[in-house]
Every structure is written in C-alpha cells, then in structure tokens.
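Everything on this sheet refers to the single structure shown next.
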Amino acid sequence: MVLSAAWGVVTLVRIYAFLQGRSQVVSFLLLRLMTFEHVGKYRRITKAELGRPGPLYMQFVTAWLIALASAISAGVILVLT
C-alpha cells in the first residue's frame, strides 16, 4: 500500500512539472486541495495533443486504485482476525 501511494505521489509531482512546462498555473500552497483539478488539466491537455490521455494520467489512477484496494484488504483482514 505504501509503495503504491508513493508511486501516486511521484506521478503527481511529474504531472505538476508537466503543467508548469506548459505555462499552467500550479499553486504549491493548495496542492492537496487542487490535485484532481490538476490531473484533469493534464488529461485535457494531453488528450488535445495526443488524441488520448497521457501516460501519467493512467499511472496516477492505477497507483491510487491499488493503494485503495490494499487499504480495504488490510482493513478486512484486520476485522476478520
């Protein structure tokens, strides 16, 4: 779970760097609050350029889905033991 969460954070930082490279406004004070807005911007920009969402979008979604599934599994195991 920790590794997939770290993967998600690293991917998010890479998305922020991509957005800054495209002259998009990225507020580092509000990173946590605007995470999904920035990921949406990344998806829209790459979809316009490539015709499909960029690879970092799928990495971000996959990492957090794995972290969520791991957390739920850990919770179920703790309840059952």
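What does the convex hull of the alpha-carbon atoms of the chain project to on average, in nm²?
6.0
Would you kindly state how much longer the chain becomes between L78 and L30 on full extension, computed as 0.36 nm times their sequence separation minus their alpha carbon distance, in nm to one decimal?
Gain on stretching L78 to L30: 13.9 nm.
Given labels modelled 7 Å from the Cα in the Cβ direction, how far is it in nm from R14 to I45?
The answer from the label model is 1.5 nm.
Starting at the first residue of the stretch 2-12, write each ³J(HN,Hα) from the Karplus equation 6.51 cos²θ - 1.76 cosθ + 1.60 with θ = phi - 60°, in whole Hz, x for Gly and Pro.
Whole-Hz 3J(HN,Hα) from phi for the stretch 2-12: 5, 5, 6, 5, 5, 4, x, 5, 4, 5, 5.
At 222 nm, what value in deg cm²/dmol follows for the chain if DSSP H runs of at least 4 each add -39500 (n - 2.57) and the sum is divided by all its residues, to the nearest 500?
-26500 deg cm²/dmol
Please order Y42, Y16 by the number of other Cβ within 10 Å, starting at the fewest.
Y16, Y42
Using the 10 angstrom Cβ neighbour count as an exposure proxy, how do S73, S23 rank, fewest first?
S23, S73
Counting only C-alpha contacts under 8 Å and six or more residues apart, can you give the relative contact order of the chain as a whole percent?
Across the chain, relative contact order equals 43 percent.
Taken together, the values in this text are just the output of simple stated rules run on the coordinates, not laboratory data. Owing to the predicted nature of the structure, the values given are computational and were not obtained by experimental measurement. Neighbour counts run over all protein chains shown; Cβ positions are idealised from the backbone, glycine included.
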